1. Inside segment 217-264, can you point out the residues that are part of a loop (DSSP other than H, G, I, E, B), buried (at least 17 other Cβ atoms within 10 Å of the Cβ) and in contact with a Gly (Cβ under 9 Å, 6 or more places away or on another chain)?
2. Please work out if L302 is outside any helix (DSSP H, G or I), assigned by TED's automatic domain parsing to the domain that holds N256, aliphatic (A, V, I, L, M) and touching a helix residue (DSSP H, G or I) at 6+ places or on another chain (Cβ under 6 Å).
3. Would you tally the residues in segment 360-409 being under 23 Å from the mean Cα position of the chain (by Cα), part of a loop (DSSP other than H, G, I, E, B) and over 23 Å from N281 (Cα atoms)?
4. Looking at this structure, is T116 in a loop (DSSP other than H, G, I, E, B) and within 17 Å of the chain's Cα centre (by Cα)?
5. Look at segment 61-92 and say how many of its residues are out of contact with any strand residue (DSSP E or B) (no Cβ under 8 Å at 6 or more places or on another chain) and part of a loop (DSSP other than H, G, I, E, B).
6. Output the residue which, of all residues in segment 132-158 that are charged (D, E, K, R) and touching a helix residue (DSSP H, G or I) at 6+ places or on another chain (Cβ under 7 Å), is farthest from A81 (Cα to Cα).
7. Could you pull out the residue among I387, I371, I366 that is in contact with a Phe, Trp or Tyr (Cβ under 8 Å, 6 or more places away or on another chain), outside the structural domain of I225 (by TED's automatic domain parsing), among the aliphatic types (A, V, I, L, M) and on the phi < 0 side of the Ramachandran plot?
8. Select, from V104, V113, the only residue that is within 17 Å of A405 (Cβ to Cβ) and either hydrophobic (A, V, I, L, M, F, W, C) or touching a Pro at 6+ places or on another chain (Cβ under 6 Å) (or both).
Amino acid sequence: MTKTISKRNLICLIAGIALVILNSVSCKKENNGANPAPIPNEPNPEPGGNDPAAPNLPGTLYDYVGTRNNMPPYMQAFMNANPTLDNTPVGNPITNAGATLGRVLFYDKSLSVNNTRSCGSCHHQDKAFTDGVATSEGFEGNLTRRNSMPVVNLRFFRSATMFWDMRAKDIETQTLIPVLDHIEMGIPSLAALETKLTGISYYPALFKSAFGSEVVASDKIAKAISQFLRSIVSFNSRYDQGVATQFSNFSASEKNGMRLMQADFCTECHSDFSTAGVGKNASYLIVDNTGVNTGFGSNNGLESNYTDKGIGEITHKPADQGTFKIPSLRNVELTAPYMHDGRFATLEDAIEHYSTGIKQNPNIGIQFSGIQSGGLVFSAKDKNDIIAFLKTLTDQSLATEPKYADPFK
């Protein structure tokens, strides 16, 4: 009986060893082959990964082509008198399909290397396409050097140069610079961006609709985002509505604030020269005064010796040291904090600078040249009236317009 059990055990042991050897060889061949063994229960990619959730787009495309058609009559007349003001290039007209693709690209976090940031991360619709902080957070949590500028009405100024230092020659050039920036979005190259977006399921059809081909190319990415940006216009403020009735919709405080803005030459920098005078209807578009020093100074006296040289870093001209692209005052109520470094948290702080905080320097604007009192010295009432007027430049409809909204929400 003992011998029988031992023999049986020996046979089972030999069979077991053989089975282990066969399994070992089989696994080794499988794992060394072209297709590695799958890992069981591997999690699906997170949204924003290689194939993020598709954007929610309307069945009928929004109208981006006709965004100029809703301007008030006074602005239509101004545009007709200044046909070169629209900086849309011949080679990249706005189309509904192109701007739709641009909207998706603008809000898609896949355009950052780790799927955490999009263009819309620094340009929030409810803040008139700024982000409400002094300097913005990039894809790894590091902060940008300068404040996020609004991207509204970019289509309407003659010098289409972009950024605070005006280093990008046009909107098409500007669009991809943040994508490649080592702080902002971190994509290593345009080729890497093209490869990444090609692998996302919803892009081939969007590119085909916009450009007639499914091929994802960086120049098409830039063109599409530029079309979307040029479509973002804002001319539905109480100011725009009031022009037709000689501002019968304004309070006495708002009317006085408007007069002060013109009398103290604020509109010379923040509008066009032709309508900057007292009693005229200013466009509040940045048409003539870009920030480059044209001999009259463009510096607004934030510092006597600028640590950030602004436009001067690009031009290397002494006259441009400490000068910066001048932002629009439209929707300024929504775009705090203010200045290139976001140093002023409120409109009250910004107005106080012009009242008492001007610091003289060689490039000071002609409006402040020679002032020894620290500024224009506004009374408390003047400050309140100016702020009351500035709030009439807010276009509340901009914050809720669906065609400018994030399609991934």
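The values are calculated or read from the model by the stated rules, or taken from the named source; none is laboratory data. Given the structure is predicted, the values throughout are model-derived calculations rather than measurements. Every residue, glycine among them, receives a Cβ derived from its backbone with ideal geometry; neighbour counts consider all protein chains shown.
1. Hit for segment 217-264 is F250, nothing else.
2. Values: outside any helix (DSSP H, G or I): yes; assigned by TED's automatic domain parsing to the domain that holds N256: yes; aliphatic (A, V, I, L, M): yes; touching a helix residue (DSSP H, G or I) at 6+ places or on another chain (Cβ under 6 Å): no.
Against the criterion (outside any helix (DSSP H, G or I), assigned by TED's automatic domain parsing to the domain that holds N256, aliphatic (A, V, I, L, M) and touching a helix residue (DSSP H, G or I) at 6+ places or on another chain (Cβ under 6 Å)), L302 does not qualify.
3. 6
4. Details: in a loop (DSSP other than H, G, I, E, B): yes; within 17 Å of the chain's Cα centre (by Cα): yes.
So T116 fits the description; yes.
5. 14
6. Taking segment 132-158 first, the residues charged (D, E, K, R) are 137, 140, 145-146, 155, 158.
Subsequent filtering for residues that are touching a helix residue (DSSP H, G or I) at 6+ places or on another chain (Cβ under 7 Å) retains 155, 158.
On the way: R155: 16, R158: 13 Å.
Checked segment 132-158; the qualifying residue farthest from A81 (Cα to Cα) is R155.
7. Numbers: I387 fails: in contact with a Phe, Trp or Tyr (Cβ under 8 Å, 6 or more places away or on another chain); I371 fails: in contact with a Phe, Trp or Tyr (Cβ under 8 Å, 6 or more places away or on another chain).
Residue meeting the stated conditions: I366.
8. Details: V113 fails: within 17 Å of A405 (Cβ to Cβ).
From the options V104, V113, the qualifying one is V104.
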